[in-house]
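J.: Following this message is one structure expressed as structure tokens.
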Amino acid sequence: MTDIRAQVQAVLPGIRTDLEDLVRIQSVSADPERLSEVEVSAQRTADLFAAEGVEVEIVRAYDGAPPAVIGEKKGPEGAPTVLLYAHHDVQPENDHADWDSPPWEPTERDGRLYGRGAADDKAGIMAHVGALRVYGDDLPVTVRLFIEGEEEVGSDTLVELLEKYQQRLEADVIVIADSGNWDIGVPALTTSLRGLVRVDVEVRTLTHAVHSGMWGGLVPDALMTLARVISTLHDDNGDVAVAGLHSGPAADVEYPEERLRAESGAAPGIEWIGTGSSVERLWTKPSLSITGLDAPKVAGASNTLVPAAKARISMRIAPGDTTENALACLLRHLEANVPWGATLTHTVVDTGEATQIDATGPAYDAARAAFTEAWDGTEPVDMGVGGSIPFIAEFLEAFPQASVLVTGVEDPDTRAHGANEGLHLAEFEKVVLAEALLLRNLG
Ligand code: BES
Ligand code: MN
């Protein structure tokens, strides 16, 4: 045990340097201009694992599909097989002006390492590399690897990849390092994740723009019409008003009001929407947000009736629901609520299934023991998250017997996807230690 602790401390400076190198790669999977960077991050990821003695290969579902890194390093005969999952692509950094240091230049401030991907999910990759580096050639289990390059854009080719490489991905246990912990100093196992359905809807009310003074009052403009459609998505309490969506019970944890206020980024005076406990609203009830709008800019808006307007609807669905059901419910709702004879067309952007994990059995015991040890006696809580990792449901479909451990490096102030994303370095050390201890316990 002290050996493993000492080993983690010994490998940590190198892990930190390698993480910084990964963060410098702008592997934004949503940006067609930067797909070559996604190739670079796949190669760098493969090199990092190869250096730990993993036999790696960069694979794709078909020519030109996003690159995933798979691999294997054998442990003792008869030891279980553990698949390590993370993703090497990242979200767009968006407006550089919102960052306190350059998004692609990893920068330490007050115990955090800032940069896009510094947590989500390049630190997840490095937690895996770290655990391997701790053991060198005395690996207690057989390790397999799946680091995907399209998680942040909905993992479109995942099913094909899982089919194509089924034999090389099969495992007894899978460690998904893409979630986080409950608080600084309090570890967690993530036991539920919401699914996601994203749909673009376009409303059209005119065949072309016309003078707003000549025709306003008789012909509805598309932007106002779209706003009315959007306003039907919630009731007056702020609950989702789409009929037929599923809700369920949440993990038994208390999320204190002060923490919600501090961590959510809600502006002063903002009221919570919806009903039910806060963790139900965040983890096990559906939510609907508008994450983009195509409409004329205010600066330069002319006195014309806008003929067409488009919105992106991002719907999170509860564990127990399916994307098929939720999409059908949403489309039915939209069709039934377009006023004034306007036409509404839609395009599905992406979907990912929700997950509910039964966190009982030997693998979970091994994980809880490892976490408690790494956090000096503080036991992990079972928590849900409102975000999505479509891979989990796909993987369980392919390998229903596997135990899924959802871990990760995030803490309540990580700001994944936002400006000033940052990794809490002291907690990261515990994450690496916990994963090393987990591999030992599983062995
Ligand atoms: N790491 C997140 C998932 C997550 C979110 C875990 C919040 C814990 C808390 C992951 O990288 C992610 O953002 N996933 C996308 C998936 C989508 C594109 C299908 C998401 O949730 O938006
Ligand atoms: Mn992630």
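J.: Out of the DSSP beta bridges found with both residues in the range 5-158, what percent are antiparallel (nearest 5)?
T.: Details: 13 of 21 bridges.
If we restrict to bridges inside the range 5-158, about 60 percent are antiparallel.
J.: Using only the Cα atoms of the range 251-341, each taken as one equal point scatterer with no solvent, compute I(q) by the Debye sum, divide by I(0), and report log10 of the ratio at q = 0.12, 0.13 Å⁻¹.
T.: The computed values of log10 I(q)/I(0) come out as -0.62, -0.70.
J.: Next question. Nearest 10 degrees, 0 to 90: what angle lies between the long axis of helix 362-374 and the longest principal axis of the chain (Cα atoms)?
T.: That helix lies at roughly 80 degrees to the long axis.
J.: Using a Förster distance of 25 angstrom, determine the FRET efficiency expected from the C-beta separation of D358 and E379, and round it to 0.05. Write down the numbers at each step before the final one.
T.: Values: r = 19 Å, r/R0 = 0.74.
That pair, D358 with E379, gives E of 0.85.
J.: Still on this structure: How would you order 145-158, 281-294 from highest to lowest mean count of nearby Cβ atoms within 10 Å? Write out the running numbers ahead of the final one.
T.: On the way: 145-158: 22.9, 281-294: 18.5.
Top of the packing list down: 145-158, 281-294.
J.: Work out the length of the dipole vector of the range 229-271 about its Cα centre, built from +1 on the beta-carbon of each Lys and Arg and -1 on the beta-carbon of each Asp and Glu, and round it to the nearest 20 debye. Mind showing how you got there, number by number?
T.: Numbers: 2 positive and 9 negative charges, 35 e Å.
Here the size comes out at about 160 debye.
J.: Here is a follow-up. From the mean inverse distance of alpha carbon pairs (Kirkwood) and the Cα radius of gyration, derive Rg over Rh for the chain.
T.: Numbers: Rg = 23.1 Å, Rh = 23.1 Å.
A ratio of 1.00.
J.: Here is a follow-up. Starting from the coordinates of the alpha-carbon atoms of the range 340-379, obtain the Kirkwood hydrodynamic radius over all distinct pairs and give the value in Å to one decimal. Write out the running numbers ahead of the final one.
T.: Working: mean 1/r = 0.0687 Å⁻¹.
After inverting the pairwise mean of 1/r, the radius is 14.6 Å.
J.: Could you give each residue of the range 58-67 its phi-based ³J(HN,Hα) in whole Hz, using Karplus coefficients 6.51, -1.76, 1.60 with θ = phi - 60°, and x for Gly or Pro?
T.: Values per residue, Gly and Pro as x: 8, 10, 8, 5, 7, 3, x, 6, x, x Hz.
J.: Stretch A10-R332 to full length: gain in nm at 0.36 nm per residue minus the Cα-Cα span? Intermediate results must be reported in sequence, preceding the final value.
T.: On the way: separation 322, 0.36 × 322 = 115.92 nm, distance 5.76 nm.
Full extension from A10 to R332 adds 110.2 nm.
J.: Can you return the lysines within cross-link range of K74? Criterion is Cα-Cα under 22 Å, with same-chain partners fewer than 8 residues away left out.
T.: By straight Cα distance, K74 reaches K164.
J.: Among rounded, prolate and oblate, which fits the range 69-176 when a ≥ b ≥ c are the square roots of the eigenvalues of its C-alpha gyration tensor, a/c under 1.5 means rounded, and a/b larger than b/c means prolate?
T.: Values: a/c = 4.08, a/b = 1.58, b/c = 2.57.
Because a/c hits 1.5 or more and a/b fails to exceed b/c, the range 69-176 counts as oblate.
J.: Work out, step by step, the length gained on full extension between K74 and D235: first 0.36 nm times the residue separation, then minus their alpha carbon distance; give nm to one decimal. Mind showing how you got there, number by number?
T.: Working: separation 161, 0.36 × 161 = 57.96 nm, distance 5.50 nm.
Full extension of this stretch gives 52.5 nm more.
J.: Once you have the Cα-Cα distance between D294 and D98, take 0.36 nm times their residue separation minus that, and quote the gain in nm to one decimal.
T.: Numbers: separation 196, 0.36 × 196 = 70.56 nm, distance 2.22 nm.
The D294-D98 span can extend by a further 68.3 nm.
J.: Relative to the longest principal Cα axis of the chain, at what angle does helix 122-135 sit, 0 to 90 degrees, rounded to 10?
T.: 10
J.: Could I ask something else about it? Quick one: Kirkwood hydrodynamic radius for the range 47-90, alpha-carbon pairs, angstrom, one decimal? Walk me through the intermediate numbers first.
T.: Values: mean 1/r = 0.0822 Å⁻¹.
Answer for the range 47-90: a Kirkwood hydrodynamic radius of 12.2 Å.
J.: Add -39500 (n - 2.57) for each DSSP H run of 4 or more in the chain, then divide by its residues: what number comes out at 222 nm, to the nearest 500 deg cm²/dmol?
T.: -9500 deg cm²/dmol
J.: Could I ask something else about it? Tell me the angle of helix 323-336 to the major Cα principal axis of the chain, expressed in degrees between 0 and 90 and rounded to the nearest ten.
T.: With both axes taken from Cα atoms, the answer is about 10 degrees.
J.: Could you pull the Rg and Dmax for the range 321-443, using just the Cα atoms, both in Å?
T.: Answer for the range 321-443, Rg first and Dmax second: 20.0, 65 Å.
J.: Tally Lys/Arg at +1 and Asp/Glu at -1 over every other residue whose Cβ is under 12 Å from the Cβ of A61; what's the total? List each step's numbers first, then the result.
T.: Values: positive: R60, K164; negative: D63, E148, E150, D156, E160, E163.
Summing Lys and Arg as +1 and Asp and Glu as -1 gives -4.
J.: Rank T142, P249, V431 by how far each Cα sits towards the positive end of the charge dipole of the chain (+1 on Lys, Arg Cβ; -1 on Asp, Glu Cβ) and give me just the farthest.
T.: Comparing the listed Cα positions along the dipole, P249 ranks first.
J.: How large a share of the accessible area of the chain, in percent, is made up of carbon and sulfur atoms when the probe is 1.4 Å and the other protein chains stay in place? Before the final figure, lay out the partial values.
T.: Details: 9470 of 19200 Å².
Within the chain, the accessible surface is 49 percent carbon and sulfur.
J.: Okay, moving on. Placing +1 on the Cβ of each Lys and Arg and -1 on the Cβ of each Asp and Glu in the range 1-112, which of A61, G75, S27 has its Cα farthest towards the positive end of the resulting dipole?
T.: The residue sitting most towards the positive pole is G75.
J.: Further question on the same structure: Residues of the range 70-108 with backbone nitrogen within less than 13 Å of a virtual label 7 Å along the Cα-to-Cβ line of R24, please, listed as ranges.
T.: The answer is 104-107.
J.: If you take the charge dipole of the chain about its Cα centre, with +1 on Lys and Arg Cβ and -1 on Asp and Glu Cβ, which of L288, S101, I230 is farthest toward its positive end?
T.: I230
J.: Placing +1 at every Lys and Arg Cβ and -1 at every Asp and Glu Cβ, with all other atoms neutral, what dipole size does the chain have around its Cα centre, in debye to the nearest 20?
T.: 900
J.: Please work out the average accessible area per residue across the chain, using the 1.4 Å probe convention, and give it in Å².
T.: Working: 19200 Å² over 443 residues.
Result: 43 Å² per residue.
J.: Right, here's the next one. Does the range 1-129 come out rounded, prolate or oblate by the C-alpha gyration tensor, with a ≥ b ≥ c the root eigenvalues, rounded set by a/c under 1.5 and, if not, prolate when a/b is larger than b/c and oblate if not?
T.: Details: a/c = 2.70, a/b = 1.21, b/c = 2.24.
Oblate, because a/c is 1.5 or more while a/b does not exceed b/c.
The values are calculated or read from the model by the stated rules, or taken from the named source; none is laboratory data. Computed from a predicted model, the values in this text were never measured in an experiment. Every residue, glycine among them, receives a Cβ derived from its backbone with ideal geometry; neighbour counts consider all protein chains shown. Just the protein is used for accessible areas: all its heavy atoms, side chains included, with ligands, DNA and RNA removed. Shrake-Rupley method; radii C 1.70, N 1.55, O 1.52, S 1.80 Å.
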